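Below is one structure, written out as structure tokens; the observations come after it.
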Amino acid sequence: MKLTRYQHNPILKPDPTEDWESGAVFNCGAAIGPDGLIYLLYRAVPKGYTKKPGGQGYENYISSIGCAFSQDGVHFTRFERPVIELTEDYERFGCEDPRVTGLDVQGKTIYLITYTALFAPAFSSYGNRVALASTEDFRLFHKHGVVIPELEDKDAVIFPKPIKGKIAMLHRITPNIQIVYFDDLEQLMHPQEDFWSKYRASLDDFTVMRPQFEWEAKKIGAGAPPIKTEEGWLLIYHGKDDENVYRAGAALLDLEDPSKVIARSPEPILEPEEEYERVGDTPNVVFPEGAIVMGDTLYLYYGAADTCCCLATARLGELLDYLLAC
Amino acid sequence: MKLKRYQGNPILTPCKEHAWEAQAVFNAAAVYDRGLFHLLYRAQGVDGISSIGYALSRDGFNWLRLDRPVLEPADEQEAGGVEDPRVTRIGDTFYMCYVAYSGTFYQIALARSQNLVTWERLGFPLPGERNKDAALFPEKIGGRYCMLHRREPDIWLAYSDDLIHWGDHQIVMRPRPGAWDSYKIGANGPPLRTDAGWLLFYHGFAQDKVYRMGVALLDLEDPTVVLKRQEEPILEPEEEWEREGDVPNVIFSCGQVMTEETLYVYYGGADTALGVATAPRTEVEEFCQS
């Protein structure tokens, strides 16, 4: 089964009049805000970056995070300045790939934003950490620092509901997807000294998925925060193959123990086909980061070719039926 | 009482890159909500048509704008522009009184919102009447909604049970012969509640057509009773950006914010850009009590 692209993609393109988002806007997390509007948090890069001589990637490439909202999920109004930009040392080379989950904390919804904070230039082989920010209203944003220290790690997504009373988060120590649990927000933000060393020692126990098919052979990583359905947690994720093509896949994880994979699609549900997905700063990339359900439709927001933001949809029921039949 | 200009004025200027706000940004309603300052500002495109933009700030001086307006002309009655918004919070809902300009006729229009960015229109409070400078009181008075408006050259008010049907119109204040506000006056921002009365900022001009700002205090129970009216203006066009622009020698406010320590009055200058002037809360209270 394949997702259906929105006919007028891309939904957000770089804005040549705003320096900070004049080069590229892509990889976007999504959530329904407290006011019922759909919010996108999107990665933006100012123009002026140049190809690295003889290597992969770009120089002078520093991302920040912008915010836009919409009533229909398709037409967006942006804030003119970024809402998360490099203010701290740990993110001095960029704030990338934001994902957002609304979590109920003591009767109030707090939107937790995980993003990749760079302390080395982009496209270095190191320098990536999972960092956390939050907001209650998509107006005022707060930073909470690096949450997974000392590990090259990305693609962190927080489950929207506690699992057995704990806050659960998927993350990606290459090439697999792992899960980690926290007693509460406090432990997520300020873990005990040995929390992560203990965790790393039993990493295998916490591994949820490993690359299985050719299209995801190099590595996989969570795309959007898991969506709770009756059949299980719906996880849209990305996989990279040996030719560096990024595609989107889908899996169903057990509600009580997400490390149990109930179903997994052997084929990608979205792959680079349109020109805007095949041609761009990083060709042949669809990178899903935001997924919301409105009515019976899944809205999947993804970055295309590291250049623009796009939307694809599916009937949620249809996608679940397809997965269960895989 | 005097207002002190912010040294960094103007705080908002036209944005050449967005056609809808390339000509002017001025007359802004202001709200302080959950620790943030919000502006609903009038923006004019090069075609002269106004719409309303939104901006956000942590400190009241440095602003984050949206790239598209939150209210734009919807039909023929607004085809000439939606102008001069005043926003009041009543309970959990924000109400905006604005001027719907057709190109030939203007009238007061009302809209409401829960979040200051998506607005639902509620029609025209005084349909068919050429009127502007409308602002809602933040509370009911005597069990009824109360709205300031303007029947030239005076400031009036009206009452309503439902925000739709308005009546019981009465004069609040008139121009003062021989003074700086001798020709016409009109409300600026919505009335601000203080223990001593409703603080009302208003604009006025004399023969020189220079728009200045005054301040008065109205009785809490019956706002047609003017307890106090400062003789001298609290602010007048002095800076270059206030004296020169699309309409010279105009300062015009559509909103103010009072925090625990400070009063912030947001005002348009020369119908071109937006600035802010402040006063310590203690000074405002002194004016009210004396």
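Only the coordinates and a few stated rules stand behind these numbers; no lab work does. From a predicted model like this one, the values you see are computed outputs, not experimental measurements. Cβ atoms come from the backbone with ideal geometry, glycine included; neighbour counts cover every protein chain shown.
The count of lysine pairs in segment A:106-217 that are at least 8 places apart or cross chains, and whose C-alpha atoms lie under 25 Å apart, stands at 13. Within segment A:11-325, the proportion of Cα pairs with more than 28 Å between them is 33 percent. What the phi angles of segment B:165-178 give under the Karplus curve with 6.51, -1.76 and 1.60, with θ = phi - 60°, is a coupling list of 9, 10, x, 6, 6, 9, 7, 9, 8, 10, x, 10, x, x Hz, glycine and proline written as x.
Per-residue ellipticity at 222 nm from helix content only, as computed over the protein assembly as shown with -39500 (n - 2.57) for each DSSP H run of at least four residues, stands at -1500 deg cm²/dmol. Size descriptor for segment B:1-90, Kirkwood hydrodynamic radius: 13.7 Å (Cα pairs only, one decimal). If R0 is 41 Å, the Cβ-Cβ spacing of A:Asn60 and B:Ala79 corresponds to a FRET efficiency of close to 0.30.
Beyond 35 Å, the tail of the calculated P(r) for the protein assembly as shown holds 46 percent of the Cα pairs.
Stretched out straight at 0.36 nm per residue, the stretch from A:Asp104 to A:Arg315 would grow longer than its current Cα-Cα span by 73.3 nm.
Extending 7 Å from Cα along the Cβ direction at A:Leu324 and again at A:Gln71 yields two label points whose distance is 3.7 nm. Amide H contacts of B:Gly189: B:Phe201, B:Gly255, each under 5 Å away and 5 or more positions distant or on a separate chain (H built 1.01 Å from N in the peptide plane; Pro and chain starts excluded). Sequentially through segment B:37-47, phi angles give Karplus couplings (6.51, -1.76, 1.60; θ = phi - 60°) of 8, 10, 10, 10, 10, 6, 10, 10, x, 5, 7 Hz, Gly and Pro residues having no value and appearing as x. Take the alpha carbon gyration tensor of segment B:17-144, find the square roots of its eigenvalues, order them as a ≥ b ≥ c, and report rounded if a/c is under 1.5; if not, report prolate when a/b exceeds b/c, else oblate. In terms of gyration-tensor shape, oblate.
The alpha carbon centroids of segment A:138-178 and segment B:237-274 are separated by 46 Å.
What FRET efficiency comes out for the pair A:Glu256/A:Ala217, r = Cβ-Cβ distance, R0 = 25 Å, nearest 0.05? Before the final figure, lay out the partial values.
Details: r = 30 Å, r/R0 = 1.20.
FRET efficiency, A:Glu256 to A:Ala217: 0.25.
First measure r as the distance between the Cβ atoms of A:Thr297 and B:His165, then evaluate 1/(1 + (r/R0)^6) with R0 = 45 Å and state the FRET efficiency to the nearest 0.05. The pair A:Thr297/B:His165 has a calculated efficiency of 0.65.
Going by the alpha-carbon gyration tensor, a ≥ b ≥ c the square roots of its eigenvalues, is chain B rounded (a/c under 1.5) or, if a/c is not under 1.5, prolate (a/b greater than b/c) versus oblate?
Since a/c stays below 1.5, the shape of chain B is classed as rounded.
Neighbouring Cβ atoms from other chains, within 10 Å of the Cβ of residues in B:113-122, number 3 on average.
Projected label points at B:Thr259 and A:Glu275, each 7 Å from Cα along the beta carbon direction, are separated by 5.0 nanometres.
Report the paramagnetic label zone for B:Arg5: residues of segment B:22-47 whose backbone N is under 19 Å from a point 7 Å from Cα along the Cα-to-Cβ axis. Those under the cut-off are B:25-28. Calculated on the Cα set of segment A:57-109, radius of gyration then Dmax: 14.6, 45 Å. Residues in segment B:153-158 carry Karplus couplings, in order, of x, 9, 8, 10, 9, 9 Hz; the curve used is 6.51 cos²θ - 1.76 cosθ + 1.60 with θ = phi - 60°, and Gly or Pro positions show x.
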